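Single-structure report; data block below.
The values are calculated or read from the model by the stated rules, or taken from the named source; none is laboratory data. The structure displayed is predicted, hence computed values, not measured ones. All Cβ positions, even for glycine, are placed from backbone atoms using ideal geometry, and neighbour counts span all protein chains on display. SASA here: full protein model, heavy atoms, side chains in, ligands and nucleic acids out. Shrake-Rupley method; radii C 1.70, N 1.55, O 1.52, S 1.80 Å.
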Amino acid sequence: MPEADAKIRLFVDAPLHLGAEVSVEGQAHYLVNVMRRGAGDRIRLFNGRDGEWRALIEAAGKRRVTLRCEEKSAPLIVPPDHTHLRPQVQGCVNEKPDFCVRLWH
């Protein structure tokens, strides 16, 4: 995969797996006219569920681009739970507030 193609990464709302065919309509103008990609070029796809995939542009038209997933390039990385620190103000009229840790799930 050429270095220039590796920089293009699109979100798609479709299942991604080896050989999956993905049609992109809303981002076709961006791919074809702005990024100047066409049939035979490769980009990266992700959907927030199946990781990141390298995909081949099989057909590129004015309103639709058809891609085929070729290889998983990165697994899905789930961020850890956020930890928030906040002062415990209740009952601390004349004392320094204590800090508590709360995990948000």
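Some points to look at:
- Of the residues making up region 36-66, those that are under 13 Å from Leu18 (Cβ atoms) and part of a strand (DSSP E or B) are Leu45, Trp53, Arg54, Ala55, Leu56.
- Candidate set from region 43-59 (those that are small (Gly, Ala, Ser) and open to solvent by 10 Å² or more (accessible area, probe 1.4 Å)); member that is nearest to Leu10 (Cα to Cα): Gly48
- Counted residues, region 8-26 - those being assigned to a loop (DSSP other than H, G, I, E, B), open to solvent by 60 Å² or more (accessible area, probe 1.4 Å) and in contact (Cβ under 8 Å) with a residue 24 or more places away in the chain: 5
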